[in-house]
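Report on the following structure.
The values are calculated or read from the model by the stated rules, or taken from the named source; none is laboratory data. As the structure is a prediction and not an experimental result, all values here were calculated from the model. As a convention, Cβ positions derive from the backbone with ideal geometry for all residues, glycine included, and neighbour counts pool all protein chains shown.
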Amino acid sequence: MLSINSARLACLMLVTVLAAVSPADEPEDELKAAVVLSFLRYGEWEQVLPPNGALTVGVLGRPEFAQVLRHSLEGKSVNDHSVHVVELKSVAAQQVCQVVYFASDKGLDIKAALETPALARVLTIGETRDFLESGGAVNLFVLDGHMAFEVSKDALERSGINISSRLLRFGQIRSRKQGDRT
Amino acid sequence: MDTRLLITLALGSAGIVSAQRVGTPTDDLTNLSVDDLFQLEVTSVGRKAQELSKAPAAIYVLTAEDILRSGATSIPEALEGVPGLSVERVDGRMWSISARGFARLFSDKILVMIDGRSLYTPLFSGVLWDMIDVPLENIERIEIVRGPGAVMWGPNAVNGVINIITKKARDTRGTLVSVGAGNDVYGSVLARWAAAPTERLAYQVWTKLEDENPADSSKGSYAQIPGVTYTNPAPITDLNTESARLGFRVDDQVSDKDTVSVEGDVFKLGREDALGYPQVIRQSMDFVTADTSGTGGFVEARWTHTNSAGNESSLQFTFDKNQIDYPFVGGESDNLTIDFQKRLQTSDRNEVYWGFGYQHYSDSTYSNGVIGFQPAAGMYCLGDAVLRDEFQLIPNRLLASAGMRVDYTSYSRFDYQPSIRLLYTPSARQSLWAAVSRAVRVPSRVDRDLAADEGDLMIGLLPIRELLWGSDSMRPEVENSLELGYRFQSGQRWSADFATFWSYYTSLAAVAMPQHLQVQTVDGMPEFLMNLVAVNAATARSYGGEASATWQLTPVWRLRPSYSYLDEAPRLPPNHMWMLDTSGYRHQGAIRSQYDLSRHLQLDLTARAQSRNTVWDLPGAVLFDARLGWRPARDTEFSFSMQDLTGREIVETYAQSPFVSIPTRRTFLVRWVQRF
C-alpha cells in the first residue's frame, strides 16, 4: 500500500523532473560528429587535395544533424586542411566532398544514392542497420552504451581510401559476405 | 519520514535547471582522443534497443552507467527493479534472486555468469551471492535474459541467465581510486591500476577492501515453514562483514587473429551471523550468534581465434577453489571447466554454432548436524555438446534459430535441451520473436546427499523429529516453455519491450512424507522420527509477462519504467511437501529516472514496488532510492546515494534456514571516485 508520505515523495520527484525539462541537442549526434572528425584525421584519400584546400563533409538527411556537424567541425582543421560542412539535397551533383554522411531519414533511398558514380571516391558514413549491405563504407551505431562502428573493407578498397589501423582497431571489420552485395 | 532532504533536492534541482546537455564534462568532444571517444557512455538509448532487436529472447541490459547511477553497492542491489527478476533481500548480504518465479535463498533455476564463468555450484544448484563481489566500477554491462537459455548460455539456465561482463583492461587504463562510507557500508576502498604498454597488450590489477553491517538494531526474524515465524528476542546489531579481494586481468592480442585474456581474483571474508535453530517447531527456537568465513579465488583463461568476420573459435578454461565455513555447514570445493565454441558463417544466410565443454567439480564438507551431506565428500562431472543453427528464412526479415544442448552428468546421465526461435523484423524499428524451449535443472548434491535435522514438530502432544534426506534416485527437473516477445523503437527517443511466457514444469523436487514414523530410543527414551525423502513428484505451471521501456524525454532526462506479472501455480501430490518453498511477487514495477542537472551534476531517482508476498504473508511495498552525483572535473566524481528513502522496514523474504531475515532500512553512502 502506498503511504501518504510515499505519495508525497512521488509527487516531489515528478515536480522536480518536470520542472527540469528543456530542449537541447542530441548527445549522440555530437559523438557521431566527433567520430566523423576522427575519420578525417585518420583517413588518406587518393584524390589530391590542393595545399591548404578544404576537407568537405556533405550531409544527406536529417537537417538537425547537419547543424550539429557544422557546429562541431566548422573551424577545425586536419593536417592544415580546414574542415567544411555542406548540406546536400542529392549526391548526384556533388563534386567537392571527401566524406558524405547519410543521416538516417525516412525519405532517403540510401541504396540508390550509394550507387551514384559521384560517390565512387568518397568515404560514405551512415547510421542505418543495412548501410554496409547497401554499399556504404562505415556505419555508426551504439553498442552497449558506447559509440561503435563497422567498416566494409571492400567498400573502402573500392573507394581507394585508406583508414589508419589506429582508428580501425576500435571498429568491426566486415567482409564481403556481411558488408556488401556487389 | 524525512522528506526534508527530498524537498531540498527538489528545490535545488529546479533552481539549477537550464538548457544543458547530458554527457561528459568535456567541452568539446572533438578534442577527445579516439581512445576516449569510444569509451564515452552514450546516453541515447534507442539505438541500443535496436541492437538488442537482433536477439530472439527477452533481454534487459544494465549498462555501466545504469549500475553506477543506481547508487547500488553490490550486484544484487544493481539488479533490483530489473523486469522479470525477483531480487529479495534476506539480510542485506544474502539474497534470493530468480527470474520468472521459483525465488528462494538457494534459487536453483537461474544461471549466473561472470565473463562466461558460471557461478552455479553443483553443491546446491545455486549461487552464493554473499561470497561474490565484482567491483561495480569494473563492470561493462549486465545482460539479464529471462526464460530458458541453455542452448545459448549453458546448462541449468532454466528460467534465466544473469551475464555479468567486466571491462577489458584497455578500457580501464590509468589509476582509479574509489572510496565510500555510509551507515550500511561503513567503509569501501577500491584501487585499480591498468596500463597498455603496446597497442596489443593491456593489463589491470585491482584490490577492494570493504566493511559493512546491514543491521542497525534491526528486528530479526526466521521462518522454517510458511505461517510459522519467530522473532529474535534481541535486536540484531551485528551482521558485520569484512572482506578483502585482489584481482587482475591481462588482455593480449597475440596476433591479428588471436586474442588471449587471463583474469582471476582471490578473496577473504569474515562476518558475524545471527542464527535461529528450531527446537520444537511452533514452540521454541535457539537464538545464537556465530561467525562465517570464506576464502577462495579463481583463474580464467580465454583464447579467441578469428579467421574472418564469420569464422570465430574460442576456448575457455576456468578453475575456482573455495573454502566456505558457515556456522552449521562448511567445506571446500574445486571446480574446473573447459569450454570450446565455434561460430561459422557458412553462407550469406546461414550461421552455425557448435561447441563442447567439460566440468569437474569436487567438494569435501562437514556439518554440525543441522544441515549436512552424506557422504560428506562428493565429485561431479559434466560433459556437454551444443549445436545451433541460425538461418535467414527471408534475408534481414525472418530469422530461424534451432539448437540443442546435450549434457551427460554424473547424476542424471543424458539430458537434452532443445530450443527453436523465430525472429521477425519487418523494419529496423520493430521485431517480433517467439521461442519454444525445453530446459532441465540437473540434480545437485543437495537433491542427492542432503541430511538435515529440521527440529521437533509437535503433533498434538507428541514431539516428532523431522529429518530431511536427499535421494540418489533424483532426476532432472524439466521445464517446457513458450515465449513471445515484441520490441519497438521510435527514433532515438524511446523504445519498448514486451515479453510473455507460459511454462510447465514436471519432475520438480519435493519431499515425500512417510506412511509410518520410525522409533528409536535415546537414553532409554523413545524418540519418534519422521524421515522426509526427496522425490521428483511435483509439477508447476507459471505464466506472466514483462514490459519495459526506455524513454529519453530530453537529452538530459531518461526514464526506464518496467512492470512484471507472474502467476505461479505449484502443485504437490498428497502427502508431499516442498524441500524449500519458493515465492515470487505477482506484481512488480519500477521506474528509474536519470537526470543530468548540468554537465557536472546528476540526479537519479528510483521507485520500486512489489505486491504482497502470499507464500510468506509479507506486505507489498513501494521503496524509493536516490543518488546525487557531482563531477567537478572529468576525473573526479562525488556522489551521495540513499536507499529506501522513506525508511520503510520491510522483510522481503525468509531464508528458510538458520539465517536471519532483517527488514530494509534507510541507508546512505558517500562515495568519491578519482581517476589519475
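Is it true that some residue in segment A:7-20 is modelled with pLDDT of 85 or more and either part of a strand (DSSP E or B) or of a type in the set (Lys, Arg) (or both)? No, segment A:7-20 contains no residue that is modelled with pLDDT of 85 or more and either part of a strand (DSSP E or B) or of a type in the set (Lys, Arg) (or both).
Taking B:Ile650 as the residue in question, decide whether it is touching a residue at least 24 places away in the same chain (Cβ under 8 Å), touching a Pro at 6+ places or on another chain (Cβ under 6 Å) and assigned to a strand (DSSP E or B).
Working: touching a residue at least 24 places away in the same chain (Cβ under 8 Å): yes; touching a Pro at 6+ places or on another chain (Cβ under 6 Å): yes; assigned to a strand (DSSP E or B): no.
For B:Ile650, the condition - touching a residue at least 24 places away in the same chain (Cβ under 8 Å), touching a Pro at 6+ places or on another chain (Cβ under 6 Å) and assigned to a strand (DSSP E or B) - is not met.
From the list B:Asp497, B:Asp523, B:Asp567, pick out the single residue that is acidic (Asp, Glu), within 16 Å of B:Arg146 (Cα to Cα) and free of Cβ contacts under 8 Å to residues at least 40 places away in the same chain. The match here is B:Asp567. Screening B:Ser86 with (1) outside any strand (DSSP E or B); (2) buried (at least 24 other Cβ atoms within 10 Å of the Cβ); (3) at pLDDT 90 or above gives one miss only, at (1). Within segment B:626-676, being over 16 Å from B:Leu603 (Cβ atoms), more than 14 Å from chain A (Cβ to nearest Cβ) and acidic (Asp, Glu) holds for B:Asp635, B:Glu652. State all residues of segment B:576-610 that are under 25 Å from B:Ser548 (Cα atoms) and in contact with a helix residue (DSSP H, G or I) (Cβ under 8 Å, 6 or more places away or on another chain); if no residue qualifies, say none. B:Arg592, B:Ser593, B:Gln594, B:Tyr595, B:Leu597, B:Gln602, B:Leu603, B:Asp604, B:Leu605, B:Ala607 - these are the residues of segment B:576-610 that are under 25 Å from B:Ser548 (Cα atoms) and in contact with a helix residue (DSSP H, G or I) (Cβ under 8 Å, 6 or more places away or on another chain).
Identify all residues within segment B:102-117 that are of a type in the set (Gly, Ala, Ser) and surrounded by fewer than 24 Cβ atoms within 10 Å (Cβ to Cβ); write none if there are none.
As a first pass, look at segment B:102-117 and keep what is of a type in the set (Gly, Ala, Ser): B:103, B:107, B:116.
The one that is of a type in the set (Gly, Ala, Ser) and surrounded by fewer than 24 Cβ atoms within 10 Å (Cβ to Cβ): B:Gly116.
Looking at segment B:455-573, what strands (runs of 3 or more DSSP E) fall wholly within it and have at least 1 residues that are of a type in the set (Asp, Glu)? So the answer is B:462-469, B:477-490, B:494-512, B:525-554, B:557-571. The single residue among B:Ala428, B:Ala434 that is small (Gly, Ala, Ser) and under 25 Å from the mean Cα position of the chain (by Cα) turns out to be B:Ala434.
In the condition set (1) at pLDDT below 90; (2) in a loop (DSSP other than H, G, I, E, B), B:Asp133 is compliant with all but (1).
Of the strands (runs of 3 or more DSSP E) entirely within segment A:58-166, those holding at least 2 residues that are at negative phi and out of contact with any Asp or Glu (no Cβ under 8 Å at 6 or more places or on another chain) occupy A:81-87, A:99-103, A:123-126, A:146-152. Residues in segment B:574-623 that are over 21 Å from B:Ser657 (Cα atoms), in a strand (DSSP E or B), away from every other protein chain (no Cβ under 11 Å) and out of contact with any Ser or Thr (no Cβ under 9 Å at 6 or more places or on another chain): B:Arg608 only.
Taken over segment B:584-617, the criterion of being touching a Lys or Arg at 6+ places or on another chain (Cβ under 7 Å) and under 17 Å from B:Ala103 (Cα atoms) is satisfied by B:Ser611 alone.
For the residues B:Thr365, B:Thr425, the requirement of being touching a residue at least 24 places away in the same chain (Cβ under 8 Å) and closer than 27 Å to B:Met577 by Cβ singles out B:Thr365.
Take residues that are surrounded by fewer than 18 Cβ atoms within 10 Å (Cβ to Cβ) and tell me which of the strands (runs of 3 or more DSSP E) falling wholly in segment B:334-453 contain 1 or more.
Because the criterion is at least 1 residues that are surrounded by fewer than 18 Cβ atoms within 10 Å (Cβ to Cβ), the strands (runs of 3 or more DSSP E) in segment B:334-453 that meet it are B:350-367, B:377-394, B:398-409, B:413-427, B:430-441.
Kindly establish whether B:Ser98 is in contact with a strand residue (DSSP E or B) (Cβ under 7 Å, 6 or more places away or on another chain) and at pLDDT 90 or above. Yes: the conditions hold for B:Ser98.
Could you say whether any residue in segment A:55-65 is within 21 Å of A:Leu156 (Cβ to Cβ), surrounded by fewer than 17 Cβ atoms within 10 Å (Cβ to Cβ) and within 14 Å of chain B (Cβ to nearest Cβ)? No, segment A:55-65 contains no residue that is within 21 Å of A:Leu156 (Cβ to Cβ), surrounded by fewer than 17 Cβ atoms within 10 Å (Cβ to Cβ) and within 14 Å of chain B (Cβ to nearest Cβ).
Being of a type in the set (D, E, K, R) and more than 30 Å from B:Thr172 (Cα to Cα) is the filter here, so list the residues in segment B:189-233 that pass it. Of everything in segment B:189-233, those that are of a type in the set (D, E, K, R) and more than 30 Å from B:Thr172 (Cα to Cα) turn out to be B:Asp216, B:Lys219. The single condition from (1) over 22 Å from B:Lys219 (Cα atoms); (2) in contact with a strand residue (DSSP E or B) (Cβ under 6 Å, 6 or more places away or on another chain) that B:Leu553 fails is (2). Checking the stated criteria, B:Ser313 turns out to be polar (S, T, N, Q), part of a strand (DSSP E or B) and surrounded by fewer than 19 Cβ atoms within 10 Å (Cβ to Cβ).
Hey, does segment B:127-139 have a residue that's within 13 Å of the chain's Cα centre (by Cα) and under 19 Å from B:Asp567 (Cα atoms)? No, because not a single residue in segment B:127-139 is within 13 Å of the chain's Cα centre (by Cα) and under 19 Å from B:Asp567 (Cα atoms). When each of B:Ser243, B:Ser221, B:Ser217 is tested for being under 23 Å from B:Asp273 (Cβ atoms) and exposed (fewer than 15 other Cβ atoms within 10 Å of the Cβ), the lone residue that passes is B:Ser217. Of the residues making up segment B:294-315, those that are touching a Phe, Trp or Tyr at 6+ places or on another chain (Cβ under 9 Å) and under 18 Å from B:Leu344 (Cα atoms) are B:Trp303, B:Ser313, B:Ser314, B:Leu315.
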